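Engineer: The structure follows.
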Amino acid sequence: MKKFINKPEDFVDEMIEGILMAYPNFYKKAKDSLREIVRSNSPEQTKVAIATGGGSGHLPVFLGYVGEGLCDGVAVGDVFASPSAREMYNVTKAIDGGKGVLYLYGNYGGDVMNFDMAAEMAETDNIEVETVLVRDDVASSKNIEKRRGVAGLFYAYKIAGAAANNGKDLQEVKSFTEEALDNTRSMGVALSPCTIPEAGEPTFKIADDEMEIGMGIHGEPGIERTTLKQADKVSNIVIEKILADGPYEKGDEVSILVNSLGATPLEELYIIYNKVKDILKGKEIEVYNNYIGNYATSLEMSGMSISLMKLNPQLKTLLDAPAHSPFFNQQDLRDN
Amino acid sequence: MNTKKEIKIDIMVEVIEYISNKIVNNCDKLSKLDGKIGDSDHGENMKRGFKNVIKNKEKLKKKNTVRELFNEIGEIITFNVGGSAGPLFGRLFSDFGSSYEEHKYFTIEMLPSAMNSALNGVKKLGGADVGDKTMVDTIAPVVDFLNEVNLSELECNILLIKLKEEARKGLESTKLISARKGRARYLNDRSIGHMDPGAYSCYLIFEAVEEYFNDNTEEV
C-alpha cells in the first residue's frame with residue numbers, strides 16, 4: 001500500500017479536518033463530530049433540506065455535494081462503511097428548517113438500515129422525512145429495486161438541490177428526484193483495484209491485461225471480466241448496456257456523465273466521451289450537456305463509469321440551475 | 001430447573017454489563033478477524049457502542065419493563081456502533097425484549113420466544129439467512145436448540161453451556177463458507193477459511209452469559 005496517510009485509522013477524520021480547514025466558509029459541524037457536516041448557513045427556513053451520507057472513499061461523493069443548490073448535510077462513515085444512525089439523525093436536526101428533509105443516498109444495506117432508523121428518530125421530533133434511494137448501476141442487478149447507487153448520485157443531488165432551491169415542497173422535491181433517477185442509468189468498468197487504508201490489501205485482484213465490466217464502486221463483482229479492449233470498444237459495450245436498459249429513444253435529449261473512478265486520467269475520459277457522443281449521434285440521441293471528470297470515485301481505483309440522464313424541459317431547467325460547492329461549481333445556465 | 005424463577009431488571013443490567021465488557025475486551029481480536037475479510041474496524045465499532053451501554057448502566061437500571069430495557073440497549077448500540085453492525089446488533093437486543101411490554105422480570109421460560117424474536121428481527125433487517133456467513137449463523141443453532149429442548153428437564157448451568165456450544169458451532173461454520181451478505185461477499189471464495197467477525201461478536205454474547213451465571217454462585 002502506497003498512500004499519503006498517517007495512521008490508517010485517522011484517514012477519515014484527518015481528511016475531513018483538512019476539508020474544514022480548506023473551506024471554513026462553506027462547511028461546519030452539525031454538533032461536535034467531524035462525521036456530521038452541514039452547510040455553514042444551515043438550517044434554512046425557506047427550503048426543503050437534503051441529507052445524504054455513506055462511506056468515505058468516494059470524493060466528491062458525498063461531502064463534496066454539500067453546497068448551494070445541492071445537499072445541505074452529510075453523515076460521513078469510515079471508508080466504504082455506513083455512518084451511524086445517530087450521525088444521520090444529528091445532521092437531520094441541524095439542517096431541518098421546518099420544511100422537511102429528503103434523505104438521498106445510494107442503495108447499500110448498511111446505509112438503508114441506518115437512514116431508516118434516523119428517519120424514525122426524526123419523526124418522533126416531528127421532522128418530516130422522505131427517502132429516495134439512488135439505484136442507477138445497471139450492472140448490479142436485473143431487478144431495479146436491488147441496484148446499487150453509483151455516479152448517478154450526482155444527477156440526483158443536482159436535481160433535488162435545484163428543486164429544493166426553487167421552493168418546491170418535500171413531496172415535489174421527492175418526485176422530481178425520482179423522475180430524474182427513473183431517467184438515469186450508469187455502468188462502470190474497472191481496470192485496477194483500490195486499497196482501504198485500514199485493510200492494507202487491495203479489494204480485489206485483476207490481471208494487467210484484464211478489465212471488469214460493471215464493477216461496483218467498492219469492488220463489487222460486475223457482469224463480465226474480460227481482456228482489456230480499446231477505448232472505443234469499451235465505450236460501445238457500456239453505452240449499449242445502458243441504452244438497452246434505460247428509457248432512451250431516438251429523438252431524446254440526454255445529459256452524459258463520464259466519471260473517473262479515481263486514478264483514470266481526464267485524457268482517457270475524453271477519449272471515451274468522443275466515442276460515446278458519436279454512438280449517440282448515430283442513434284439520433286442528442287447530447288444536451290456533459291459532465292466529465294471525478295464525480296464519484298473509489299479511492300485510487302482506475303476505471304470509469306458512464307451515466308446517462310434523459311431530459312425533459314423541467315429536468316433541463318433543474319439541471320441548468322446554479323450550484324456551488326468547493327467540489328462542484330456551475331453558474332446559472334437557465335434562459336430567462 | 002425452575003424455569004419460572006424471576007431475573008429482575010437490575011440483574012439483567014449486570015449481565016448486560018458483563019456482555020459489554022466482554023465485547024470491549026475482545027476489541028483487538030474482532031478487528032483482527034475483520035482485517036481478514038473486511039476493513040479491520042469491527043472491534044473498534046463494537047467497543048464504541050458497548051462502552052456506551054456500560055456508561056448508561058444506571059439509566060438502564062431505572063427501566064420498568066423488559067421491553068423498555070432492551071429497547072434502550074438496542075438504541076444505544078444502533079446509534080453508537082455505526083456501519084451495518086450497529087442496526088443489526090441493536091435489533092438483536094431490542095427484538096429480544098420487544099414482546100415483554102408488561103414484564104418487570106425475565107424468566108428462562110421466556111428465552112425461546114425472546115431468542116426467536118431476536119433472530120427474526122436480525123434476519124428481516126439484514127436479509128441474511130443461515131449459510132450467508134453472518135451473525136445469523138451463530139444465533140440460528142441456538143434458537144433451533146431452544147425450540148427443541150424441554151427446559152424443565154435441564155439444569156440452568158447445563159443449558160447455558162449448551163447454548164454457548166451451539167453458538168460456537170454456528171460460529172465455526174462461518175469459516176467453511178463464503179460470504180453472501182455484508183461487505184465480505186465481494187471477496188467471493190476468498191472469505192473461506194476465516195470466521196465472520198459479526199458472528200464472533202455474537203458468540204461472545206453467549207459466552208458472556210454462560211460465564212456470568214456459571215461463575216457467579218447465585219442460583220438462577
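Engineer: Please identify the DSSP H helices in chain B that span no less than 15 Å along the helix axis (Cα) and have a mean Kyte-Doolittle hydropathy of 1.6 or more.
Structural biologist: Helix filter hits for chain B: none.
Engineer: Also, quick follow-up: In the stretch A:75-90, what residues drop by 50 Å² or more in accessible surface going from the chain by itself to the full protein assembly, probe 1.4 Å?
Structural biologist: A:86
Engineer: Further, regarding this structure: State to the nearest 20 debye the size of the charge dipole of the stretch B:7-215 about its Cα centre, where the only charges are +1 on K and R beta carbons and -1 on D and E beta carbons.
Structural biologist: Once rounded to the nearest 20, the dipole reads 760 debye.
Engineer: What per residue convex hull volume, in Å³, comes out for the stretch A:1-119 when only alpha-carbon positions are used? Please list the in-between numbers first.
Structural biologist: Details: hull volume 11.8 nm³, N = 119.
Hull volume normalised by residue count: 99 Å³.
Engineer: Dimensions of the protein assembly as shown along principal axes (Cα, Å, largest first)?
Structural biologist: Principal-axis extents of the protein assembly as shown (Cα, largest first): 79, 54, 43 Å.
Engineer: A follow-up question, please. Just want the answer: with Cβ charges of +1 for Lys and Arg and -1 for Asp and Glu, which residue in B:43, B:25, B:177 is farthest toward the dipole's positive end in the stretch B:7-215?
Structural biologist: About the Cα centre, the residue reaching furthest to the positive side is B:43.
Engineer: How charged is the neighbourhood of residue A:89? Take every other residue with its Cβ under 13 Å from the Cβ of residue A:89, and add Lys/Arg as +1 and Asp/Glu as -1.
Structural biologist: -4
Engineer: Ok, one more. Counting protein heavy atoms only and a 1.4 angstrom probe, how many square angstrom of accessible surface do chains B and A bury in total, to the nearest 100? Working shown, then result.
Structural biologist: Working: alone 10500 and 14380 Å², together 23060 Å².
So the total buried area for this chain pair works out to about 1800 Å².
Engineer: Once the Cα gyration tensor of chain B is diagonalised, what are the square roots of 5 times its eigenvalues, in whole Å and ordered largest first, as equivalent ellipsoid semi-axes?
Structural biologist: That gives 27, 20, 15 Å for the three semi-axes.
Engineer: Let me ask something else. Find the relative contact order for the stretch B:7-215 and round it to a whole percent, using C-alpha pairs within less than 8 Å whose residues are 6+ positions apart.
Structural biologist: So the answer I get is 21 percent.
Engineer: Taking only protein heavy atoms into account and a 1.4 Å probe, give the accessible area per residue of the stretch B:7-215 in Å².
Structural biologist: Heavy-atom SASA per residue in the stretch B:7-215 reads 41 Å².
Engineer: Further, regarding this structure: Given a Förster radius of 30 Å and the C-beta distance between residue B:176 and residue A:209 as r, what FRET efficiency does 1/(1 + (r/R0)^6) yield to the nearest 0.05?
Structural biologist: Taking R0 as 30 Å, the efficiency between residue B:176 and residue A:209 is 0.35.
Engineer: Carbon and sulfur atoms: what percent of the 1.4 Å accessible area of the protein assembly as shown do they account for?
Structural biologist: 46
Engineer: Still on this structure: Would you mind telling me which residue in A:326, A:313, A:197 has the biggest mean-square fluctuation in a Gaussian network model of chain A, where springs connect alpha carbons within a distance under 10 angstrom?
Structural biologist: Of the options given, A:313 has the highest mean-square fluctuation.
Engineer: Answer with one residue from B:121, A:41, A:231: the one whose Cα lies farthest towards the positive end of the charge dipole of the protein assembly as shown, charges on Cβ with Lys, Arg +1 and Asp, Glu -1.
Structural biologist: Checking the options against the dipole of the protein assembly as shown, the answer is A:231.
Engineer: Same structure again: Would you mind pulling out the separation of the Cα centroids of the stretch A:107-150 and the stretch A:1-55, in Å?
Structural biologist: The stretch A:107-150 and the stretch A:1-55 have Cα centres spaced 21 Å from each other.
Engineer: A further question on this structure: When we measure straight from the Cα of residue B:169, which lysines land under 26 angstrom away, once same-chain ones fewer than 8 places off are left out?
Structural biologist: Cα-Cα hits under 26 Å: B:22, B:29, B:32, B:36, B:47, B:123, B:124, B:133, B:181.
Engineer: Given R₀ = 25 Å, what would the calculated FRET efficiency be for residue B:101 paired with residue A:125, taking r from the Cβ atoms and rounding to 0.05?
Structural biologist: It comes to 0.60.
Engineer: Something else: What dipole magnitude, in Debye to the nearest 20, does the stretch A:184-242 give about its Cα centre under +1 on Lys/Arg Cβ and -1 on Asp/Glu Cβ?
Structural biologist: 240
Engineer: Let me ask something else about it. With an 8 Å cut-off on Cα pairs and a minimum separation of 6 or more residues, tell me the relative contact order of the stretch A:174-264 in percent.
Structural biologist: RCO, the stretch A:174-264: 24 percent.
The values are calculated or read from the model by the stated rules, or taken from the named source; none is laboratory data. Source: prediction; values computed, not measured. Because the Cβ atoms are built from the backbone with ideal geometry, glycine has one as well, and the counts that use them run over all protein chains shown. Heavy atoms of the whole protein, side chains included, go into the accessibility calculation; ligands, DNA and RNA do not. Shrake-Rupley method; radii C 1.70, N 1.55, O 1.52, S 1.80 Å.
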